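Report on the structure given below.
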Protein chains: 2
Amino acid sequence: MAKRIERGVFLTENSPKIEGFAAVVGPKEGKGPLGEYFDEVIEDSHFGKDTWEKAESHFQLEAVSLAIKKSGLVKEDIDTIFSGDLINQCIGSAYGLRELEIPFLGLYGACSTMAEGLLLSTVITDSKAVNRAAAVTSSHFSTAERQFRFPLSYGGQRTPTSQWTCTASGAAVISREKGEIEIVGGCVGKITDMGISDINNMGSAMAPAAAETIKRYLEATSLKPEDFDYIVTGDLGIVGSKLAVEFLLKQGIDISQQHRDCGAMIFDPDEQDTHCGGSGCGCSGSVLCGYFLPQLVSGKAKNILFAATGALMSPMSLQQGESIPTISHLVHLRKG
Amino acid sequence: MAKRIERGVFLTENSPKIEGFAAVVGPKEGKGPLGEYFDEVIEDSHFGKDTWEKAESHFQLEAVSLAIKKSGLVKEDIDTIFSGDLINQCIGSAYGLRELEIPFLGLYGACSTMAEGLLLSTVITDSKAVNRAAAVTSSHFSTAERQFRFPLSYGGQRTPTSQWTCTASGAAVISREKGEIEIVGGCVGKITDMGISDINNMGSAMAPAAAETIKRYLEATSLKPEDFDYIVTGDLGIVGSKLAVEFLLKQGIDISQQHRDCGAMIFDPDEQDTHCGGSGCGCSGSVLCGYFLPQLVSGKAKNILFAATGALMSPMSLQQGESIPTISHLVHLRKG
């Protein structure tokens, strides 16, 4: 059973646990600064499939299958799975997970999906409606570029504030009983829109959402940035990260020491020509499951806030003159 | 706290309640056999907006606002809202609900979204993580046609098995404390794919998913079709409805007396040229909230199973030679 602290903020009572997790990435992510931390680097970004969309589905299937295996479980042990991605109608998830026959709850949280899936896995496990849930998400550079920006063969010039969609998937298994990482609480994000409409500056659009969610959780729980080893944002990238830290500082909350951003970490901008960093659901999914969760298991870190961020626009909404609504969901993770 | 019955099937312990609900539909739905039951019929399918997508967002905002008002509440009383729709990246939901500033959890369940939102609202309310949740969804004939089929101005001929996407939205407020309808249990659907790839025969593609979910819930809870006044499917339409009843009959479950289908009910196929019936997230959303929930409030019905169905393909996945994965989520509703 959970405990409501305030609107959208809750603490768990039974502390559901992360029993296992996995991160599977593509070749460019494998060559980045975090390359050694991922469970698998797939050198063929088609993953043996004839389309990028089918490849993305396969990244997701691979990450879930590995997370289940690393938990010492089989797919029948998972009562329900939460998943979503960026491709229209979330086909990365539906086709990727179809063969598993695990009761499936589809999400659309854009790049906040890993946090949304963890939050809902926490709630449904804590409620005792299920014994075990799983959360997974994915993105693929080539499926995202052609859908949100330009056909790859067009060779469009990328702007300085643009980010590079990661080819990656992260998955975690959440259990009532077993696991070395506890999920202590969560915060459901509010849609935040500061009027930015530049699809090549998503980090700046999403920064206020991250700041709002982190502030709301810290204030509701009376916790301080110093209570955490890391306060991790999803893919704000280099520009968006600075903005999020500044927004919070103006409101009297200094997270500059604890803050890390998955998008700013996954690539080397100088060596890899990725401008402001990584993005896509798979970015925060794979960096959480590849880099941060192992630190909780090993005890190098004791408390982590994970606030993934998503931009909820579509190419059509921008063509119709709209700005970019954004969101950030948060889970609080603790060494068990 | 909930009670897990088996994989994906649970009963609630505190029985969250539906405190209020509303259905808002477009002009064609208003002229159909259920026209008198909807809270509002909007005669302008643009709803005063300059695009259909913005109109769909506004239908969703209108339905939620009305459901909150009919519950005697204000938006600040809602701790979290679940929403999703069919438009790419679910912009109907994100832009529609942006101004409400209610903590937002985005779903993608295609036309099963109303049931998925009710199921997750039930879990999160029952877990005590929130006091009140809301579930909403929408669809719009004109946003769906141009995205999934043809531009309207093309004037494409519709096939006999095709369905007509409803311009409609349904919304419900779920509460720990108050309300005349109890949510007794739920069943999370499994992705089901029988190899159908005809986008104009979605009812047949979705029928096996509905049958699988209904069977699993009835067997897990030892309930029988006779325990229900209605066993309601989402938008299988006329052809899909017959198939779902037949599938279950072959497995020894006769729902022929209790079965109703929102898609088969919302239009008059002879008078309204809608072929196999209605479809779209807003179809089952509005028929549930406009027609079935009031029967539970008045006591005309005591027990209803609501199993909305969704098709999880995209135009691109079909172009890539894939078949249609489908899903059906279920909630069990009882007169309180």
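DSSP beta bridges in segment A:79-231, what fraction antiparallel, as a percent rounded to 5? Bridges in segment A:79-231 are about 50 percent antiparallel. Given their separation in residues at 0.36 nm each and the Cα-Cα distance between them, B:K75 and B:N200 gain 41.1 nm when the chain is fully extended. Using a 1.4 Å probe on the protein heavy atoms, what percent of the accessible area of chain A belongs to carbon and sulfur? So the carbon and sulfur contribution to the accessible surface is 48 percent. Per-residue mean of foreign Cβ neighbours for A:327-335 is 1 (Cβ atoms of other chains, 10 Å radius).
In terms of overall dimensions, the C-alpha atoms belonging to segment A:158-206 reach 47, 27, 11 Å along their principal axes, ordered largest to smallest. Placing +1 on each Lys and Arg Cβ and -1 on each Asp and Glu Cβ, with no other charges, gives the protein assembly as shown a dipole about its Cα centre of roughly 1220 debye.
With only the Cα atoms considered, the protein assembly as shown has a convex hull volume of 134 Å³ per residue.
Here the alpha carbons of segment B:245-323 define both size measures, Rg and Dmax, at 15.8, 49 Å. Out of A:I78, A:Q163, B:S83, whose Cα points farthest toward the positive end of the dipole of the protein assembly as shown (charges: +1 Lys, Arg; -1 Asp, Glu; placed on Cβ)? Highest projection toward the positive end goes to A:I78. Using a probe of 1.4 angstrom and keeping all protein chains present, the accessible surface of the protein assembly as shown works out to 32 square angstrom per residue. Only the Cβ atoms of Lys and Arg (+1) and of Asp and Glu (-1) were treated as charged; on that basis the dipole of segment A:219-276 about its Cα centre amounts to roughly 280 debye.
Stokes-Einstein diffusion coefficient for segment B:185-324 at 25 °C in a medium of 0.890 mPa s, Rh from the Kirkwood formula over Cα pairs: what value in µm²/s? The diffusion coefficient I find is 159 µm²/s.
In the protein assembly as shown, helical runs assigned H by DSSP with n ≥ 4 each contribute -39500 (n - 2.57); averaged across all residues and rounded to the nearest 500, the mean residue ellipticity at 222 nm is -9500 deg cm²/dmol. Summing +1 for each Lys or Arg and -1 for each Asp or Glu among the other residues whose beta-carbon sits under 15 angstrom from that of B:H275 gives -4.
With a Förster radius of 25 Å applied to the beta-carbon distance between B:D268 and B:V297, the computed FRET efficiency rounds to 0.45. Solvent-accessible surface (1.4 Å probe) assigned to A:I253 amounts to roughly 20 Å². For B:G299, the label point sits 7 Å beyond Cα toward Cβ; its separations from the matching points on the remaining copies run 6.4 nm, from shortest to longest. For segment B:1-51, the residue among B:V41, B:A2, B:A23 whose Cα projects farthest onto the positive side of the dipole built from Cβ charges is B:A2. Counting Cβ atoms of other protein chains within 10 Å of each residue's Cβ and taking the mean over peptide B:312-323 gives 6. Within the protein assembly as shown, antiparallel bridges make up roughly 70 percent of the DSSP beta bridges whose residues both belong there.
Rolled with a 1.4 Å probe across the full set of protein chains, the surface gives A:C111 an accessible area near 10 Å².
For segment A:179-227, the dipole from Cβ point charges (+1 on Lys and Arg, -1 on Asp and Glu) about the Cα centre works out to 180 debye, to the nearest 20. Taking 7 Å steps out from each Cα toward its Cβ at B:N131 and B:S153 produces label points 5.1 nm apart. Model label sites at A:L223 and B:Q320, defined 7 Å from Cα along the beta-carbon direction, differ in position by 3.7 nm.
Note on chain A: antiparallel DSSP beta bridges, both residues inside, total approximately 70 percent of the bridges counted. Accessible surface for A:E271 stands near 150 Å², nearest 10, in the context of the full protein assembly shown (1.4 Å probe).
For segment A:61-190, the alpha carbon convex hull comes to 129 Å³ per residue, rounded to a whole number. Please name which of B:G96, B:S142, B:A115 has its Cα lying farthest along the dipole of segment B:58-149 towards the positive end, using unit charges on Cβ (Lys, Arg +1; Asp, Glu -1) and the Cα centre as origin. Sorting the options by dipole projection puts first B:S142. Taking only the Cα atoms of segment B:116-241, the radius of gyration and Dmax are 17.7, 51 Å.
Buried surface between chains B and A: roughly 5500 Å² of accessible area, summed over both sides, computed with a 1.4 Å probe on protein heavy atoms only.
Legend: helices of chain B (whole DSSP H runs) are marked when their alpha-carbon atoms reach 15 angstrom or more along the helix axis and their mean Kyte-Doolittle hydropathy is at least -1.0; marked are B:52-70, B:113-126, B:202-221, B:237-250. Loop-located GluC sites (Glu not before Pro) in segment A:110-218 (DSSP state other than H, G, I, E, B) with a sparse environment of at most 16 neighbouring Cβ atoms within 10 Å: A:E177, A:E180.
The values are calculated or read from the model by the stated rules, or taken from the named source; none is laboratory data. Just so it is clear, the structure is predicted and the values come from calculations on it, not from any experiment. Every residue, glycine among them, receives a Cβ derived from its backbone with ideal geometry; neighbour counts consider all protein chains shown. Keep in mind that these areas ignore ligands, DNA and RNA; they rest on the heavy atoms of the full protein, side chains included. Shrake-Rupley method; radii C 1.70, N 1.55, O 1.52, S 1.80 Å.
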